[in-house]
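Scroll down for the structure; my scribbles are underneath it.
No lab work stands behind these numbers, since they all come straight from the coordinates. As the structure is a computational prediction, the values presented were derived from the model and not from experiment. Heads up, the Cβs are rebuilt from the backbone with ideal geometry, glycines too, and the neighbour counts pull from every protein chain shown.
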Amino acid sequence: MPCYLDEGLAMSWHEFLYMGGYGFYVWSAYGVAAVVLITNALLPVFRFRALRREIERGGER
Amino acid sequence: MWIWLHRLGSPPYFYRFAGRLLPWLWTACLICLAVGLYWGLVVAPPDYQQGDSYRIMFIHVPSAWLSLLSYVLMASFSAAALIWRVKVAEVLARSIAPLGASFTFIALVTGSLWGKPMWGAWWVWDARLTSELILLFLYLGFIALASAYDDPRRAARAAGLLAVVGVVNVPIIHFSVQWWNTLHQGSTVIKLGGPSIALSMLLPLLIMVVALHLYLFAALLQRARCELIARERSSRWVNALLPGRGVSDELA
């Protein structure tokens, strides 16, 4: 992971996760966002499958 | 333009159009997300005052903007549905509500996670935060009303009225940092005289803004297609999408 090239340092994984001491806040924020956004993207896919099965059975409500 | 809009109002046409657009939207969204996250979390330098905690901005700011855009869109779809009785507009309003609520929720939670290390508090009853919380309740109220009736058209009308009335909250949120003395900082991107934020932070922010816009439209179309099929399940055009009846792979 190349970063801070001006300082001639390559950033390590530890540094990346540590986030200058704010790791907990930064990663929680991105974690919550990821869970919400991925759930929102996947829900219609499952609903579609269920609807398709229902319609194929020729079922009306 | 008007003819095309008119055709989009027809459920089968909308369904097919959205289906063709979706793969492109998702691809573009994932590319922007990858670039924006790498740039924002790895390449961009730490802030001289806030250190690395400011990186929450790359998800917080786009989410907050989109929470407002989603609301304006929801109110516009609702108005179109109330005035012209377009079924697709009802479906779009109903489909964007949970997405808008999600963005509002993300904006509030990430803001809280940013506020704790910077302000020393998870939450303050500040004008910006309070009006954004009211926005979340407006979304939840819309969702509750939209699912409170058995008849989807009556539900759409009741919820649509709430959406249109609630739009007054949008300018309140936007201008809250100017009208009141708030702890929340003012705008650094949209202001007279250009943005007061370093280019190395502004560019990844703009890419994340684009990425989440693409996400909103992709997720909206996906949800709306689902909702259309659910509402029109006994109609002829939906049944014609079934395998072995001509257009084989369309119901996917």
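The helix-based estimate of mean residue ellipticity at 222 nm for the protein assembly as shown, built from -39,500 (n - 2.57) per DSSP H run of four or more residues and divided by its residue count, is -24000 deg cm²/dmol to the nearest 500. Peptides B:202-209, B:31-38 ordered by packing proxy, namely the average of other Cβ atoms within 10 Å per residue, highest first: B:202-209, B:31-38. What the Cα atoms of the stretch B:17-250 give is an Rg and a Dmax of 20.0, 64 Å.
For chain B, hydrophobic long helices are taken as DSSP H runs at least 15 Å long by C-alpha position along their axis with mean Kyte-Doolittle hydropathy of 0.0 or more; these are B:11-38, B:57-84, B:87-119, B:127-146, B:152-166, B:199-231. Applying the criteria of a DSSP loop state and at most 14 other Cβ atoms within 10 Å to the chymotrypsin sites (Phe, Trp or Tyr not before Pro) of the stretch B:92-128 yields B:W122, B:W123, B:W125. Evaluate peptide B:116-128: per residue, the Cβ atoms of other protein chains within 10 Å of its Cβ; return the mean as an integer. Counting Cβ atoms of other protein chains within 10 Å of each residue's Cβ and averaging gives 1.
Quickly work out the B:V167-to-B:W123 label distance, labels modelled 7 Å from Cα along the C-beta direction, and quote it in nm with one decimal. The two pseudo-label positions are separated by 3.0 nm.
Which whole number gives the average, over all residues in B:45-55, of C-beta atoms from other chains lying within 10 Å of the residue C-beta?
Mean partner shielding for this stretch: 4.
The charge dipole of the protein assembly as shown, taken about the Cα centre with unit charges on the Cβ atoms of Lys, Arg (+1) and Asp, Glu (-1), comes to about 1500 debye, rounded to the nearest 20.
For the stretch A:21-61, the Kirkwood estimate of hydrodynamic radius, built from reciprocal distances between every pair of different alpha carbons, is 12.6 Å.
Averaged over the residues of A:37-50, the number of partner chain Cβ atoms lying within 10 Å of the residue Cβ comes to 5. Spin-label model, A:E56/B:Y149: points 7 Å from Cα along the beta carbon direction are separated by 3.5 nm. Spin-label pair B:L5-B:V72: with each label point 7 Å from Cα along the Cα-Cβ axis, the two points sit 1.6 nm from one another. Shown here for the stretch B:201-238: trypsin sites (Lys or Arg not before Pro) in loop regions (DSSP other than H, G, I, E, B) with at most 16 other Cβ atoms within 10 Å, namely B:R233.
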